[in-house]
Structure formats: C-alpha cells, structure tokens
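*Asks:* I'd like to ask you about the structure that follows.
Values quoted throughout were computed directly from the atomic coordinates according to the rules given, and no laboratory measurement underlies them. Computed from a predicted structure; not experimentally measured. Here the Cβ positions follow ideal geometry from the backbone for every residue, glycine too, while neighbour counts run over all protein chains shown.
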Amino acid sequence: MEECISVFDMLKIGVGPSSSHTLGPWRAAERFLNELKDENQLEKVTHVKVDLYGSLSLTGKGHATDYAVMLGLSGQDPEYIPVQNIDSIIQAIAKTHQINLANEIAIDFNPETDIVFNKNFLPFHANGMTFTATINDGQEIISTFYSIGGGFVVKEERINAKKKHQIKCAFPFPIQNAEELLQYTITENKLISEIVFANEISMRPEAEVQSELMRIWNTMLECMYIGCHSEGILPGGLNVRRRAFDMHQGLIGLSNYNSPQEWLECIRKTEVKFRQILKWVSCFALAVNEVNAALGRVVTAPTNGSAGVIPAVLMYYMVIENHQADEKQIKQFLMVAGEIGSIFKKGSTISAAMGGCQAEIGVSSAMAAGALCEVMGGTPDQVLMAAEIAMEHHLGLTCDPIGGLVQIPCIERNTMGAIKAINAAELAMETDAKNAKVPLDKVIDTMWQTAKDMNSKYKETSEGGLAVAVNMADC
C-alpha cells in the first residue's frame with residue numbers, strides 16, 4: 001500500500017523554474033541541514049560540497065539547480081523567501097566565497113568548485129545529488145538524495161524500507177488507482193472532491209484544509225497577475241520576450257484595478273468574444289510560466305514546468321463558464337486536480353527526467369481536465385474519462401529544453417496543455433461513460449511503459465530534440 005499523498009503534496013508553493021531541478025534540490029539541502037542538526041554536527045561543519053548527477057547535472061545550470069542548493073544550504077525557505085532577495089544572496093556567496101550555513105554559521109564556500117556537475121547518472125534515479133560535510137576533526141558526513149519530480153525528495157533506503165514494511169495509508173479512503181477512487185464514489189455516493197476532502201480532514205483540521213486550499217489559489221492568482229503585468233526579456237540567454245503582458249493588454253485594454261482579486265473581477269465583467277477565449281486561456285498559462293522562468297513564486301501543479309495549466313483552466317472556468325463561481329468551486333477544482341495527480345504519481349511518474357514531458361504537461365492537463373469536468377457537473381466516471389482523454393493525447397511527449405532552460409518549448413506547452421484539458425472535459429461531458437474504451441488506469445500504465453521505452457536523450461537532458469536542433473547562439 002502506498003503512503004498517503006495529500007493534495008498539498010501535489011500542489012506545493014515554491015520558487016521556479018523547476019520542481020525537480022530547483023525545488024527538489026532546495027528541499028534536499030534543507031533536509032541535509034536537518035540531518036546535521038539532529039546529529040549535533042552543524043556547528044562543527046567547516047566545509048560543504050555538493051555533487052549533482054544525471055539530469056540535475058546536464059540541465060542544472062539552466063534550471064538554477066546551483067542557486068537552489070545554495071539557497072537551501074543558506075536556510076532560506078522557498079515557500080516564503082522574498083523572491084527579490086534571491087539575486088543578492090547568490091551574488092554575496094559568489095563574491096565572498098562564504099555561505100551562511102542554515103543562516104547560523106559562516107563557512108568557506110566557492111560555488112565554482114564546491115558544486116560539481118557530474119554528467120554520469122546514479123542507478124536509482126536520474127536526479128541524484130550527494131551532500132558532503134566536513135567537520136572540524138576531518139570526518140566526512142555524506143548523504144544522497146533523489147529529486148523524483150514535483151518537489152518530492154527521497155532517499156533510496158527509505159524507498160527500500162517502504163517496500164519491505166508495506167507502509168499503510170491512514171486515509172479513511174486509501175486510493176492506489178483510479179478504479180479504487182471510482183468505487184469509493186459509488187459505495188459512498190459522493191463526488192471525487194468529497195472523497196478527497198474526507199481524506200484531507202483526517203490529517204489536519206478542516207479549517208486548515210480550507211485555508212490552505214485558498215492560499216494555493218491565491219498564490220496561483222497572484223502569479224498570473226504578476227505575469228500579465230511584467231514586461232521584458234526572461235533571464236538565461238535565450239532572449240525570450242515575455243508575451244503575456246502584450247497579450248493581456250490587447251485583451252483587457254485600459255482597466256482600473258489594484259490587486260489580483262480586483263483584476264479577476266474586472267476580467268469577469270469584461271465581455272469576452274468567442275475568438276478571444278483561447279487567447280485568454282493562453283495568456284493565463286503564459287503568465288504563470290514566464291514568472292516561473294524568472295525564478296518567481298509558483299505552485300507546482302504537479303511540477304513547476306507545468307505550473308500554468310491548472311491555474312489557466314481554473315481561470316477559464318471562473319471568467320468564461322461560471323461568473324458566480326466562488327471558493328467552493330475553487331476548492332473543489334483543486335482537490336480533484338490534486339487527487340488525479342497523486343494517482344499518476346503512484347502509477348507512473350511526474351518527473352520529466354524519468355518520463356519526458358508527458359509526465360509534466362500530460363499529467364497537468366489530465367489533472368485540469370478532470371477537475372474542470374467535476375465543477376461543470378460531470379459524474380465521477382466522466383471526470384476520470386476527461387483525465388484519460390487529456391493524457392491519451394500527450395503520450396510520448398518528450399522533454400527537450402533548449403539550453404536546459406524552462407522556456408522553449410516549456411512555456412508554450414502549458415498553453416497547449418490547458419487547451420487540451422478544456423477540450424477533454426467537454427468531450428467527457430458529452431460522452432456516456434459506459435462507452436469509454438480506455439480506463440484511466442490503462443493510460444497511466446501505458447504512460448509508464450512509454451516512459452521506460454523513451455530514449456534518455458529526450459528526458460530533460462538537453463541531449464536531443466529541439467535542444468540540439470536549435471543553437472542558443474542563434475537565439
């Protein structure tokens with residue numbers, strides 16, 4: 001039996017551009033510091049070295065993995081750090097060759113030599129990293145972590161222990177796959193969101209679940225707002241111009257508002273012509289992933305590289321489909337999306353380094369499609385059908401970022417994933433679920449088989465596809 005995976009595990013607040021290459025290593029650095037503290041060794045540390053392996057090494061520079069490691073070792077929290085402080089912290093470390101370990105003790109640290117990009121892969125997972133701390137008696141403390149997608153970080157021995165001891169989920173409705181979820185909705189006569197809510201309040205107070213869901217939404221909304229109001233060129237050397245700003249200006253014109261919430265209400269009052277609907281959805285998705293590419297704060301959904309799909313589809317529902325939608329529908333949408341994402345994680349992967357972009361944009365599109373279907377009145381089996389349709393048409397999607405940056409083709413792919421999600425939900429709503437030919441669990445199995453068959457150069461290594469067809473120098 002799998003461990004419980006909460007909605008809040010699938011929808012994490014953090015800093016871009018990548019959940020597996022930025023947020024994961026950041027959290028791994030935090031965990032390493034906690035290990036040192038637990039062993040009463042932190043104050044004795046004189047030196048720290050970080051070795052990055054596999055995909056973390058091959059595309060780590062473009063994904064700011066080195067930044068993430070330094071920020072994590074500095075004791076910064078990706079959920080709350082003022083993003084405007086990131087550059088100054090990194091520049092100070094590079095200039096002084098010192099790092100304030102855990103924000104407590106200053107030690108010598110040279111990013112050029114103490115963060116090593118090893119191109120070889122560790123056998124357990126494509127995203128491996130090893131932290132080595134030297135203490136004042138010369139002893140070394142070594143710990144290896146794996147960033148397995150969506151900001152999840154594990155140690156190999158923990159996975160092996162779980163297999164041996166069969167950790168049991170404590171949820172009242174433990175869910176391993178889509179069929180189990182569907183059976184709960186039948187026997188309990190509940191919607192998918194109601195099953196998920198019952199699981200969530202078994203772990204934490206109901207008021208906390210409610211407030212955290214809205215904090216996630218408000219972070220998504222703020223991210224879209226920032227992206228729609230930010231001009232310029234994205235960092236990284238590809239000279240990618242932000243497009244959400246111009247698209248937004250063309251859609252909304254001269255309007256007055258002072259906050260993300262006022263902005264949302266302004267859009268809902270705007271008359272949207274049929275041909276503008278796709279533009280609005282694309283604008284929302286572009287906005288999120290341009291913020292993500294600029295090391296802004298986003299919500300993994302289920303990853304940073306696919307963070308724009310779910311907010312864009314939820315905004316579509318609120319500004320196009322249902323102007324009366326309120327917190328109830330927002331929470332409902334997020335819970336369904338989170339549960340579908342967790343089923344994909346259990347049955348396949350949400351790591352592009354393991355499965356290509358089908359594991360990111362494909363999964364996010366499936367999450368958004370299912371969530372949209374429920375809030376539009378779809379039955380549980382139609383919800384799962386919507387998720388299946390969305391993933392079916394992302395199978396085999398590769399991850400080949402140019403320059404290792406989460407920009408081309410990643411940003412545009414979020415717009416495509418959002419549009420496919422809406423289409424999938426509409427198709428499911430118009431289909432009798434009894435006529436479904438491909439169960440969601442079968443498409444998840446197929447996705448995993450496709451991931452295993454996919455050549456490694458198309459799995460977030462920048463060694464194939466667009467990454468080699470397009471020269472950064474020509475951009």
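*Asks:* Mind pulling up the Rg/Rh value for the range 178-474? Radius of gyration and Kirkwood radius, both on Cα. Could the numbers behind the result be given before it?
*Replies:* On the way: Rg = 18.6 Å, Rh = 19.3 Å.
Value, to two decimals: 0.96.
*Asks:* Quick one: compute the contact order of the range 264-355, relative version, from alpha carbon pairs under 8 angstrom and 6+ residues apart, as a percent.
*Replies:* The value is 26 percent.
*Asks:* Let me ask something additional. So what is the relative contact order for the chain, in percent, with contacts set as C-alpha pairs under 8 Å and at least six apart?
*Replies:* 19
*Asks:* In the chain, what % of DSSP beta bridges are antiparallel (nearest 5)?
*Replies:* If we restrict to bridges inside the chain, about 85 percent are antiparallel.
*Asks:* Separate question: For a footprinting-style exposure proxy, rank SER456, SER259 by other Cβ within 10 Å, fewest first.
*Replies:* Details: SER456 17, SER259 11.
Lowest count first: SER259, SER456.
*Asks:* Mind pulling the per residue volume of the convex hull built on the Cα atoms of the range 205-345? Å³ is fine.
*Replies:* Cα-based convex hull of the range 205-345, divided per residue, equals 125 Å³.
*Asks:* What's the exposure ranking of MET385, MET472, going from fewest to most Cβ atoms within 10 Å?
*Replies:* Going from sparsest to densest Cβ surroundings: MET472, MET385.
*Asks:* Could you give me the ³J(HN,Hα) list for the range 287-296, computed from phi with Karplus coefficients 6.51, -1.76, 1.60 and θ = phi - 60°, whole Hz, x at Gly and Pro?
*Replies:* Computed from phi, the couplings for the range 287-296 are 4, 4, 7, 6, 4, 4, 5, 9, 6, x Hz.
*Asks:* I need VAL309, VAL281, VAL288 ordered by Cβ neighbour count within 10 Å, fewest first.
*Replies:* By the 10 Å Cβ count, ascending, the order reads VAL281, VAL288, VAL309.
*Asks:* Short version: ³J(HN,Hα) in whole Hz for each residue of the range 269-277, in order, from phi by Karplus 6.51 cos²θ - 1.76 cosθ + 1.60 (θ = phi - 60°), x for Gly and Pro, what are they?
*Replies:* Here the 3J(HN,Hα) series is 8, 7, 6, 9, 6, 3, 6, 8, 4 Hz.
*Asks:* Taking amide hydrogens as modeled 1.01 Å from N in the peptide plane, which residues meet the under 5 Å criterion relative to THR46, leaving out close sequence neighbours?
*Replies:* When sequence neighbours closer than 5 places are left aside, the close amide H contacts are THR134, ILE135, ASN136.
*Asks:* Expected output is a single nm value to one decimal: the length gained when fully extending between GLU271 and ASN189, i.e. 0.36 nm times separation in residues minus the C-alpha distance. What is it?
*Replies:* 25.7 nm
*Asks:* Sequence gap at least 6, Cα distance under 8 Å: using those rules, report the relative contact order of the range 7-156 to the nearest whole percent.
*Replies:* 35
*Asks:* Could you give me the ³J(HN,Hα) list for the range 209-221, computed from phi with Karplus coefficients 6.51, -1.76, 1.60 and θ = phi - 60°, whole Hz, x at Gly and Pro?
*Replies:* 4, 4, 6, 5, 4, 6, 5, 4, 4, 5, 5, 4, 4
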